[in-house]
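The values are calculated or read from the model by the stated rules, or taken from the named source; none is laboratory data. Everything numeric here is computed off the predicted structure, so don't read it as measured data. FYI the Cβ positions are ideal-geometry reconstructions off the backbone, even for glycines, and counts take in every protein chain you see. SASA here: full protein model, heavy atoms, side chains in, ligands and nucleic acids out. Shrake-Rupley method; radii C 1.70, N 1.55, O 1.52, S 1.80 Å.
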Amino acid sequence: LDELIDEALRANLDVRTAAARVEQFAARLNITRSDFFPQVGYGVSADRQGISRDRANSLGIDSVTTSYEATINVGWELDVWGRIRRATEAARAQLLAEEEVRRSVILTLVSSVASSYINLRNLDHQLEIARRTLQSRGETVDLFQLKFEGGVVSELEVAQVRSEYEQAAVRIPSLERQIALQENALSILLGHNPGDIPRGKTIEELGLPAVPAGMPSELLARRPDIQRAEQDLIAANAQIGVARSQYFPTISLSGLFGYASTELSDLLQSSSEIWGIGADALGPVFTGGRISSQVRASEAVQRQLLVGYAQTVQTAFREVDDALISNVKRHEELTAQD
């Protein structure tokens, strides 16, 4: 069972997909966080233009002109109102939420592999019992046939015993079908094509781990579903700040330095230098309620996630309580069956 779980963690397609999604959200965080820093770029161009000779002669210039340009430009948005900080906070929370999704996938996978394997070993045991039963009832049919030939029992009694034998025979292909389907399902969990599953301990040799007494309910906070709901709520709170920042102007600094010349040989001369610096402030005046609607929408999403967070915690309490009750009562059932 341990080997099967290790194999599933290495090769299961759902786990690999979840891991790729974590990488995707990590990249999104880096994209959002990059707005904190100045953005530096470059440009290189060469241009050749021609105008009519009459116009060129009237202006005293050549009819064909060539220009070359090489520049470096810098732009930087000042995060005065916290838009980038809040967007980065939301992206970081979304990344952590996706990591909890990955953990949830792993826990579900481990649970599914263990449950499927135990069910498979249970079916194996049932098949073993069914085959022994069929053999036993076959011997009974032979015995009753001898008794019938000796005049000890009636033909009806022989027919009843043979009917029980046939009922036992029907059970075997049904169990074999269930075993094959269970092996196929378990193979998919392991990340490979349907096929045989190696066996280990029998169902009787597998033991149910004891649940320690006195565990604090604070352990529920470690559940991936609760952690994800919490991070989603943090992201929603941050998105409200991003929406509200649209009320305020966006302040940016920009700069440019480079060279421009009509002769390629003179391009890097000091006389060909060009430069420029500037500051921009862009803000809304009238948006027809667009910004206020975006703020209200973000607040509504936050309220939904807050309710969802409380519901997730309640569900976690119920599931744990159900599991503890089932654990105790199944031990009592096993004792009674023994």
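Worth a mention:
- Three-way shape call for the range 184-245 based on the alpha-carbon gyration tensor, with the a/c threshold at 1.5: oblate
- For the range 69-96, the residues whose amide N sits under 12 Å from a probe point set 7 Å from the Cα of residue 253 along the beta carbon direction are 74-79.
- Angle of helix 224-244 to the longest C-alpha principal axis of the chain, folded into 0 to 90 degrees and rounded to 10: 20°.
- Note on residue 72 and residue 205: the extension gain reaches 40.6 nm, defined as 0.36 nm multiplied by sequence separation minus the Cα-Cα distance.
- Once both labels are positioned 7 Å from their Cα atoms along Cα-to-Cβ, the gap between residue 264 and residue 163 label points is 10.3 nm.
- Here the spin labels are modelled as points 7 Å beyond Cα on the Cα-Cβ line, and at residue 53 and residue 310 they lie 8.7 nm apart.
- Between 0 and 90°, nearest 10: helix 290-337 axis offset from the chain longest Cα axis: 20
- Placing dummy labels 7 Å off each Cα toward the beta-carbon, the span from residue 139 to residue 118 is 3.4 nm.
- Percent RCO, i.e. relative contact order, over the range 133-213, from Cα pairs under 8 Å lying at least 6 residues apart: 20
- Entry note, the chain: relative contact order of 24 percent, from Cα contacts under 8 Å with a spacing of 6+ residues.
- Three-way shape label, the range 223-338, alpha-carbon gyration tensor, a/c 1.5: oblate
- Springs between Cα atoms under 10 Å define the GNM used for the chain, and in it the highest mean-square fluctuation of 22, 211, 295 occurs at 211.
- Highest-fluctuation residue, 142, 280, 47 considered, GNM on the chain with Cα pairs under 10 Å: 47
- Chymotrypsin sites (Phe, Trp or Tyr not before Pro) within the range 245-295, DSSP loop, no more than 16 other Cβ atoms inside 10 Å: 286
- Correct choice for mean projected area of the Cα convex hull in nm² that was computed from the model, options [x] 20.9; [y] 17.9; [z] 35.9: [z]
- Electrostatic dipole magnitude of the range 250-327 [Cβ: Lys, Arg +1; Asp, Glu -1; Cα centre; debye, to 20]: 500
- Solvent exposure, largest accessible area first (probe 1.4 Å, DNA, RNA and ligands not counted), of 268, 181, 220: 268, 181, 220
- Estimated [θ] at 222 nm from DSSP helical runs (n ≥ 4, -39500 (n - 2.57)) normalised by residues in the chain, nearest 500: -22500 deg cm²/dmol
- For the options 109, 233, 282, a Gaussian network treatment of the chain with springs between C-alpha atoms closer than 10 Å singles out 282 as fluctuating the most.
- Cα lying deepest toward the dipole's positive end in the range 1-58, options 1, 13, 58, charges on Cβ: 58
- Rounded if a/c under 1.5, otherwise prolate or oblate - the range 8-76, Cα gyration tensor axes: prolate
- Average accessible area per residue (Å²) across the chain - probe 1.4 Å, nucleic acids and ligands excluded: 66
- Accessible-area composition of the range 173-331, carbon plus sulfur, in percent [1.4 Å probe]: 59
- Between 203, 178, 251, the Cα set farthest toward the positive side of the dipole of the range 167-262 (charges on each charged residue's Cβ, about the Cα centre) is that of 251.
- Listed residue (109, 193, 237) projecting farthest to the positive dipole end of the chain, Cβ model: 237
- Cβ charges +1 (Lys, Arg) and -1 (Asp, Glu), total dipole of the chain, debye: 1040
- Added length on full extension, which subtracts the Cα-Cα distance from 0.36 nm per residue, residue 154 to residue 192: 8.1 nm
- The angle between the Cα long axis of helix 13-33 and the main principal axis of the chain comes to about 20°, on a 0 to 90 degree scale.
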